[in-house]
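Student: Take a look at the following structure, please.
The values are calculated or read from the model by the stated rules, or taken from the named source; none is laboratory data. None of the values given here were measured: they were computed from a predicted structure. Here Cβ is always computed from backbone atoms with ideal geometry, including for glycine, and neighbour counts include all displayed protein chains.
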Amino acid sequence: MLAKPTDIPSPFRFLKIMNPQYVAFSANAQFILAARGVDQAVYDIEYQDVYHYTTEGPLDALQEHVKWMDGYRLAYVSAGKLVVYDYDSTNRRTLSNASPQYSMFFAPNYRVSYSLTQAADGIPALTQTSLTTQ
């Protein structure tokens, strides 16, 4: 049976976010995120699961939405701290000081994160945080 132009693709029937401001695939294209501020919905294409949740803290000003960190994790800045969590809102970690006006940076192997913060003298300061435990 052929799809009609009025048919809604399957993921968007389940991503119930009113007027989403942001929609994006994860780096591995397994997940689709729809977001409006702190309201999030993630659709898992492989397992056809849907997750709806609200971020635990507000997004600091200058951020329009959370961002994919990699294929499985999302990140944002809240209360001046970088927050990272899994696609299903589990394993939430507050990592380090960060400024929402700068992008978040991660080493290619995701063992280190880098963030820029506004130093007391007004010059941005680069912070390195290990993402692994020893």
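Student: Given the residues 41, 98, 75, which is the only one that is of a type outside the set (D, E, K, R), buried (at least 19 other Cβ atoms within 10 Å of the Cβ), touching a Lys or Arg at 6+ places or on another chain (Cβ under 7 Å) and over 21 Å from residue 21 (Cα atoms)? Full working, then the answer.
Tutor: On the way: 41 fails: over 21 Å from residue 21 (Cα atoms); 75 fails: over 21 Å from residue 21 (Cα atoms).
Result of the check over 41, 98, 75: 98.
Student: Please indicate, with yes or no, whether at least one residue in the stretch 16-25 is in contact with a strand residue (DSSP E or B) (Cβ under 9 Å, 6 or more places away or on another chain), part of a loop (DSSP other than H, G, I, E, B) and at pLDDT 95 or above.
Tutor: Checking the stretch 16-25: not a single residue is in contact with a strand residue (DSSP E or B) (Cβ under 9 Å, 6 or more places away or on another chain), part of a loop (DSSP other than H, G, I, E, B) and at pLDDT 95 or above.
Student: Right, here's the next one. Can you spot a residue in the stretch 49-58 that is more than 11 Å from the chain's Cα centre (by Cα), assigned to a loop (DSSP other than H, G, I, E, B), closer than 28 Å to residue 132 by Cα and not small (Gly, Ala, Ser)? Break it down stepwise before answering.
Tutor: The first filter runs over the stretch 49-58 and keeps only residues more than 11 Å from the chain's Cα centre (by Cα), leaving 49-54, 56-58.
Retained after the next criterion (residues that are assigned to a loop (DSSP other than H, G, I, E, B)): 56-58.
Within this subset, residues satisfying the condition of being closer than 28 Å to residue 132 by Cα are 56-58.
The next check asks that each one be not small (Gly, Ala, Ser); those that pass are 56, 58.
Looking for residues that are more than 11 Å from the chain's Cα centre (by Cα), assigned to a loop (DSSP other than H, G, I, E, B), closer than 28 Å to residue 132 by Cα and not small (Gly, Ala, Ser), one finds at least one in the stretch 49-58, hence yes.
Student: Kindly indicate which of 119, 34 is free of Cβ contacts under 8 Å to residues at least 24 places away in the same chain and crowded, with 16+ Cβ neighbours inside 10 Å.
Tutor: Working: 119 fails: crowded, with 16+ Cβ neighbours inside 10 Å.
Matching residue, one of 119, 34: 34.
Student: Taking the conditions exactly as written (within 20 Å of residue 132 (Cβ to Cβ), charged (D, E, K, R) and not in a strand (DSSP E or B)), does residue 88 satisfy them or not?
Tutor: Working: within 20 Å of residue 132 (Cβ to Cβ): no; charged (D, E, K, R): yes; not in a strand (DSSP E or B): yes.
So residue 88 fails the test.
Student: Continuing with the same structure: Hey, can you tell me all the residues within the stretch 3-15 that are of a type outside the set (S, T, N, Q) and at pLDDT below 65? Steps first, answer last, please.
Tutor: Keep residues of the stretch 3-15 that are of a type outside the set (S, T, N, Q), which gives 3-5, 7-9, 11-15.
Scanning the stretch 3-15 gives 3, 5, 7, 8, 9, 11, 12, 13.
Student: So if I check each of 128, 101, 134, which one is outside any strand (DSSP E or B), at pLDDT 85 or above and either within 24 Å of residue 55 (Cβ to Cβ) or not basic (Lys, Arg) (or both)? If you could, list the steps in order and put the result at the bottom.
Tutor: Working: 128 fails: outside any strand (DSSP E or B); 134 fails: at pLDDT 85 or above.
Among 128, 101, 134, only 101 is outside any strand (DSSP E or B), at pLDDT 85 or above and either within 24 Å of residue 55 (Cβ to Cβ) or not basic (Lys, Arg) (or both).
Student: May I ask you to verify whether residue 34 is part of a strand (DSSP E or B) and modelled with pLDDT under 95? Before the answer, list the steps.
Tutor: Values: part of a strand (DSSP E or B): yes; modelled with pLDDT under 95: yes.
So residue 34 passes the test.
Student: Another one. For residue 82, indicate whether it is part of a loop (DSSP other than H, G, I, E, B), under 22 Å from residue 129 (Cα atoms) and either touching a residue at least 24 places away in the same chain (Cβ under 8 Å) or not small (Gly, Ala, Ser) (or both). Walk me through how you get there before you give the answer.
Tutor: Details: part of a loop (DSSP other than H, G, I, E, B): no; under 22 Å from residue 129 (Cα atoms): yes; either touching a residue at least 24 places away in the same chain (Cβ under 8 Å) or not small (Gly, Ala, Ser) (or both): yes.
Judged against the criteria, residue 82 is not a match.
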